[in-house]
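The next block holds one structure in the form of structure tokens; read it before the comments.
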Amino acid sequence: MSVNYTTVQWNRQKRRYDRIMLGIMVLYLLTFTFLQLVFYPLTSPETLIIRATGTLAFIMLQFILCIGPLARLDHRFLPLLYNRRHLGVTTFLIGAVHGVFNVIQFHSLGYVDPIFSVFASNTHYASLQDFPFQVLGFFALVILFLMAATSHDFWLKNLSPRWWKSLHMLVYLAYGLLVFHVMLGVVQLEQSPMWIGFVGFGLLTLVSLHLMAAGVEKKRLLEQMDKAAVGEGFYQVCSAEDIPENRAKMVYLEGQNIAVFRYDGKVSAVNNICRHQHGPIGEGKIVDGCITCPWHGYQYLPQNGQSPPPFTEKLETYDVKIVDGMVWVNPSPYPEGTERPAAIIQA
Amino acid sequence: MVPELRKRHRRIWQIGGVLLCLGFAAAIWVLPKPVPAGQWPGNELPPFPKVLASKTKGNLSFQLRQGANDLKQIEITQQRVMEQTFVQVFCNNALQGVLGPAGVRRFSLSDTLSAEPPYLIELVDGINHKTIHQIVLP
């Protein structure tokens, strides 16, 4: 969260996150190199780099794509989400090393342009077995480049969260391209059960996690809609006691995605969608009197939905009342940043 | 996340998951026959003792060798690295392995193949599926 754009908004958590990430990457590269030298002692340094970076980038992308559903299924994984951006950019850089070394090793000694050679050296585009798998890796790298280049709040603001998110959802296409890059490349060449197991396990894990998370979300949404009961424009949401202190209850009423927060003996309702990357505000908590988005720490005041000065982000607010200990919410939104009185919880 | 975005995610993974799994299965389905164990460059076999025949073609020398139990072995000596990046070695249409950098490569024939002379040795550009050399050893 920043008023002005800075290249990287460093803080203690991000430094710690990055140090752990780099430590694991170095450990992986050293282990991979050691095993390659033990089992394939004649491997050239270029091949070693290509293999080590290729496998590392694929594992990292796989891990990145698991973070979202894991965080939705279990909030203990939310810290992984906090600095996923650095993980993504690093994945692109590792993938780029793999791509550049491949082009140098396999395409730079001919008579044609090396990039042209990637597309033209093997033209069996109609064959699954002999498909030019390097082309798939090339396009996946282009997508990862676009994502890394726009992985900044400057682009998020200027492209708008909607278009930015759509662009970054291309990562799923990149993952699909990379699955086939491996399956039609090294797997066809070496027929190693290890590669098949490596890709297959990752693919099944990823698809299962995403479908499980989607199922849980859908069920939660349906439960919210079933519970609500109409009364003078207000919907009964839950008992005030059902909302933990400094936490929220999320409801979906008349197309409005609402987070009802309980704090200091009061209840307030704001729009559930963070203005940064459309994160779920209601899955966050109140820190220092501010609602704090669980994704990247954007903050809002519960009574008016405004970010504390000097920040300018604002959320819509809603009327709330408490009758006989039950919380009622009117889903007609007030303009962003409108102050609404909090409902007092009677002792 | 906006419900609409969640719905998009759900649809992407429902459809994409099925397509990826089908593609994964198809890629396994079209896997070529595995190269016999020990026939990759870097895992050179020891030579069989008796040389039965020798022929030379360009920078390549071919030898037919005989070992215990009348088993045969093809030895190929490359003076220079091949222009093609992926060269497969076939004997009587059965894949034996691939050539690597310059040096000596040996391919032990199976019992059945050893008992079926003459031996048609073919070097095939594995990427473009073109036969580079054909040679017959008696």
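The values are calculated or read from the model by the stated rules, or taken from the named source; none is laboratory data. Given the structure is predicted, the values throughout are model-derived calculations rather than measurements. Using ideal geometry, Cβ is built from the backbone for each residue, glycine included, and neighbour counts are taken over all protein chains shown. Remember, those area values only see protein heavy atoms, side chains included, never the ligands or the DNA or RNA. Shrake-Rupley method; radii C 1.70, N 1.55, O 1.52, S 1.80 Å.
Brief remarks on what is shown
- Under 5 Å, built H, 5+ apart or other chain: amide partners of B:PHE86: B:GLY126, B:ILE127
- Net length gained if the chain between A:LEU128 and A:TRP155 were fully extended (0.36 nm per residue, minus Cα distance): 5.9 nm
- Segment A:LEU189-A:LYS14, length gained on full extension (0.36 nm per residue, minus Cα span): 59.0 nm
- When the protein assembly as shown is described by a simple charge dipole with +1 on each Lys and Arg Cβ and -1 on each Asp and Glu Cβ, the residue from A:PHE201, A:SER108, A:PHE34 located farthest towards its positive end is A:PHE34.
- Our analysis of the range A:12-219 gives Rg over Rh at 0.98, with the two radii drawn from alpha carbon positions and Rh computed by the Kirkwood formula.
- Compactness ratio for the range A:97-231: Cα radius of gyration over 2.2 N^0.38 Å (N = residue count) comes to 1.45.
- Phi angles of the range A:269-275 translate, via the Karplus equation with coefficients 6.51, -1.76, 1.60 and θ = phi - 60°, into HN-Hα couplings of 10, 9, 5, 7, 10, 5, 6 Hz per residue; Gly and Pro are given as x.
- Peptide A:128-140 is shielded by partner chain Cβ atoms: per residue, an average of 2 of them sit within 10 Å of its Cβ.
- Per-residue packing, averaged as other Cβ atoms within 10 Å, sorts the ranges A:23-35, B:56-68 into the order B:56-68, A:23-35, beginning with the highest.
- Tensor-based shape of the range B:73-112 (alpha-carbon gyration tensor, a/c under 1.5 rounded, otherwise prolate or oblate): oblate
- Each Lys and Arg Cβ is given +1 and each Asp and Glu Cβ -1; about its Cα centre, the range B:50-137 then shows a dipole of about 280 debye.
- Per-residue 3J(HN,Hα) values for the range B:62-75, derived from phi via the Karplus relation 6.51 cos²θ - 1.76 cosθ + 1.60 with θ = phi - 60°, read 10, 10, 9, 10, 10, x, 5, 6, 6, 6, 10, 9, 9, 10 Hz in sequence order (x marks Gly and Pro).
- Peptides A:117-127, A:320-330 ordered by average Cβ neighbours within 10 Å, highest first: A:320-330, A:117-127
- Under-5 Å amide H pairs with A:LEU253, H placed in peptide plane, nonlocal only: A:ILE258
- Over 42 Å [Cα-Cα, the protein assembly as shown], rounded percent: 37 percent
- Percent carbon-and-sulfur accessible area, the range B:50-137, ignoring ligands, DNA and RNA, probe 1.4 Å: 49 percent
- Chain A: Cys lacking any partner C-beta under 4.7 angstrom: A:CYS66, A:CYS238, A:CYS290
- A cut-off under 12 angstrom between Cβ atoms defines the neighbours of B:LYS130, and their net charge, with Lys, Arg +1 and Asp, Glu -1, is -3.
- Ligands, DNA and RNA excluded, the heavy atoms of A:LEU177 present near 40 Å² of accessible surface to a 1.4 Å solvent probe.
- Site pair B:GLN84 and A:LEU222 shows an inter-label distance of 5.8 nm when each label is modelled 7 Å from Cα along Cα→Cβ.
- Rel. contact order, % - alpha carbon contacts under 8 angstrom, at least six apart, the range A:231-344: 26 percent
- Centroid-to-centroid separation of the range A:150-193 and the range A:241-292 [C-alpha atoms, Å]: 32 Å
- Eligible aspartates and glutamates near B:LYS72 by straight Cα distance, threshold 13 Å, same-chain separation 8 or greater: B:ASP111, B:GLU116
- Cross-link pairs exceeding 21 Å in C-alpha to C-alpha distance, out of A:LYS219/A:LYS321; A:LYS285/B:LYS7; A:LYS165/B:LYS7; A:LYS285/A:LYS314; A:LYS219/A:LYS314, comprise A:LYS219/A:LYS321; A:LYS285/B:LYS7; A:LYS219/A:LYS314.
- Here's how it looks for A:TYR235: its modeled amide H is under 5 Å from those of A:VAL329, A:ASN330, which are all 5 or more places away or on a different chain.
- Entry note, the protein assembly as shown: the mean residue ellipticity at 222 nm calculated from DSSP H runs of n ≥ 4, each adding -39500 (n - 2.57), is -14500 deg cm²/dmol after division by the residues and rounding to the nearest 500.
- Counting only whole DSSP H helices of chain A, the ones at least 27 Å long by C-alpha along their axis and with mean Kyte-Doolittle hydropathy no lower than 0.0 are A:12-39, A:45-73, A:84-107, A:193-227.
- Rounded to the nearest 10 degrees, the inclination of helix B:3-29 to the longest alpha-carbon principal axis of chain B is 20 degrees.
- FRET efficiency for the pair B:LEU22 and A:VAL142, taken as 1/(1 + (r/R0)^6) with r the Cβ-Cβ distance and R0 = 35 Å, rounds to 0.90.
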